[in-house]
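**Student:** Just passing along the structure, written as structure tokens.
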Amino acid sequence: MGARLGQLIPATLLALVLCALVACRSAGTALPPASSFASSAPSSAPIPDTLTADEIAAIVSHGPWPVAFTPDPGNRFSGQPAAIELGRRLFADPRLSADGKRACISCHQPERGFADGIARSVAAHGGPLDRNAQSLFDVRLQYWFGWDGAADSLWAFVLRPLGDDREMGAGPATLAVLMAGDPALSSRYRMLDPDPDPSRLRIDIAKALAAYLETLDSPRTRFDTLRDALARGNFAATADYPSDALRGLQLFVGRGRCNLCHVGPAFSNGEFHDVGRPFMVDASRPDPGRHAGVKAVLADPYNRLGQYVDATVDDPAVRTRHLAAAHRNFGEFRVPGLRGAMLTAPYGHDGSLPGLADVVRHYSEIDLERLHADGESLLRPLHLDAQQSADLIAFLRTLSEPERRP
């Protein structure tokens, strides 16, 4: 394998190395149950010289994949096949917008990992929106939704673009006309609620859309093949994994410690960080990021503390209940997952990083002066050489490449 990459780089932290990425997958992939990927007891095979025991443990922590489904306790439609099908139909229906020209799929395209491939999506009036369209894959694993976490449930997150005049602009009247005029949609809605409350139609549509979005798990990848083999103690599987990607993976979980924030099976801690990216929407208007998101979620009548939650547990809003904005949240944005990132360029909350090489370069040469006083103390310039950068990108590619079956 040659010299360990961990011996080639400076002993600096690489936490948050790819916080500007988003995760995705191609559409329509059938997924086996998570139980089929459960690890068996480790074998007594020796650990190869190319990986340490700590590295193997860190790699195994990024699975198994996919994560077992858990219904949203605040959404009575979560996991229901009829709701999923209704949501799937609504997702691609332009009649859901005020002008009849835009659908959810307009900005969340399956072939682009349910993003749209441009820096900032085009608004209904023709100008750019404030942020990059995030991928919707693996969205069910989040607790806070959006780049700023301005919603604390997936269905409340759906309500925001649904009612925003810059996006869908669908008010109650538009939705009522759509459902009343389409017998197929109306009948599917009544399968979920035989006697629906007209005043809750908008909320129920958002919950049906959320039920569909919960099914958008990213597919298993070449990384998962390696991860599961290592979990079984099959260390020889490293021979089938690209050598440059393995070096990049060692950098990711080793001295670089990228997995401090890109943790777990989805490669995200689901939280928010200042990573030194610009946070101006334009020359005169800043994007406060998480600082505004916290205020928005607490003021939202549709949050988990409100009356529209179909609570089936004692306290589904425990995180929201203890949420408070702090000065340090200004300019913080979501840590996105990394699965399927090859499909979702450009990157960052504002789409200002065109490709993976640009993302890696940003963290390699990060300007600490761009961080505000309460910014991330873990970030340091890494000064990666060309080979190190290429190895890291090679690893990220394996989070998008389909797994190879025998």
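The values are calculated or read from the model by the stated rules, or taken from the named source; none is laboratory data. Model, not experiment: these values are computed from the prediction. Ideal geometry is used to build each Cβ from the backbone, glycine not excepted, and the neighbour counts take in all protein chains shown.
**Student:** Condition test on Arg120, is it part of a loop (DSSP other than H, G, I, E, B), closer than 28 Å to Pro286 by Cβ and not acidic (Asp, Glu)?
**Tutor:** yes
**Student:** It is to be established whether one or more residues within region 80-89 are part of a loop (DSSP other than H, G, I, E, B), at negative phi and surrounded by fewer than 18 Cβ atoms within 10 Å (Cβ to Cβ).
**Tutor:** Filtering region 80-89 down to residues part of a loop (DSSP other than H, G, I, E, B) leaves 80.
Then keep just the ones that are at negative phi; that gives 80.
Still in the list and also surrounded by fewer than 18 Cβ atoms within 10 Å (Cβ to Cβ): none.
No: zero hits.
**Student:** Here's a follow-up. Take region 117-149 and flag every residue that is aromatic (Phe, Trp, Tyr) and buried (at least 22 other Cβ atoms within 10 Å of the Cβ).
**Tutor:** Phe137, Trp144, Phe145, Trp147
**Student:** Considering only helices (runs of 4 or more DSSP H) fully contained in region 147-242, which possess at least 1 residues that are in contact with an Asp or Glu (Cβ under 8 Å, 6 or more places away or on another chain) and within 29 Å of Gly289 (Cβ to Cβ)? Even if it seems obvious, please write down each step before you answer.
**Tutor:** Details: elements: 154-163, 172-181, 183-192, 201-213, 222-231.
Counting at least 1 such residues, we get 154-163, 201-213.
**Student:** Return the only residue of Leu136, Leu141 being out of contact with any helix residue (DSSP H, G or I) (no Cβ under 9 Å at 6 or more places or on another chain), of a type in the set (A, V, I, L, M, F, W, C), within 20 Å of Thr70 (Cβ to Cβ) and touching a residue at least 60 places away in the same chain (Cβ under 8 Å).
**Tutor:** Details: Leu136 fails: out of contact with any helix residue (DSSP H, G or I) (no Cβ under 9 Å at 6 or more places or on another chain).
None of the other options fit; the residue is Leu141.
**Student:** Moving on to the next point. Mind checking whether some residue in region 309-317 is over 22 Å from Arg380 (Cα atoms), modelled with pLDDT of 90 or more, part of a helix (DSSP H, G or I) and not β-branched (Val, Ile, Thr)?
**Tutor:** no
**Student:** Every residue in region 367-392 that is farther than 26 Å from Ala115 by Cα and modelled with pLDDT of 75 or more, please.
**Tutor:** Of region 367-392, the ones farther than 26 Å from Ala115 by Cα are 367-388.
Within region 367-392, Asp367, Leu368, Arg380, Pro381, Leu382, His383, Leu384, Asp385, Ala386, Gln387, Gln388 meet the criteria.
Residues are listed down the side, and each one gets a yes or a no for (1) surrounded by fewer than 19 Cβ atoms within 10 Å (Cβ to Cβ); (2) among the β-branched types (Val, Ile, Thr); (3) more than 17 Å from Asp54 (Cα to Cα):
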{"site": "Asp182", "(1), (2), (3)": "yes, no, yes"}
{"site": "Asp204", "(1), (2), (3)": "no, no, yes"}
{"site": "Ala211", "(1), (2), (3)": "no, no, yes"}
{"site": "Ser218", "(1), (2), (3)": "no, no, yes"}
{"site": "Arg222", "(1), (2), (3)": "no, no, yes"}
{"site": "Asn234", "(1), (2), (3)": "yes, no, no"}
{"site": "Asp240", "(1), (2), (3)": "yes, no, yes"}
{"site": "Ser243", "(1), (2), (3)": "yes, no, yes"}
{"site": "Leu249", "(1), (2), (3)": "no, no, no"}
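**Student:** Run down Arg140, Arg166, Arg160 and say which single residue is touching a His at 6+ places or on another chain (Cβ under 8 Å) and among the charged types (D, E, K, R). Give the derivation first.
**Tutor:** Values: Arg140 fails: touching a His at 6+ places or on another chain (Cβ under 8 Å); Arg160 fails: touching a His at 6+ places or on another chain (Cβ under 8 Å).
Arg166 is the lone residue from the list that is touching a His at 6+ places or on another chain (Cβ under 8 Å) and among the charged types (D, E, K, R).
**Student:** Yes or no: Ala292 in a helix (DSSP H, G or I), touching a Phe, Trp or Tyr at 6+ places or on another chain (Cβ under 9 Å) and surrounded by fewer than 21 Cβ atoms within 10 Å (Cβ to Cβ)?
**Tutor:** yes
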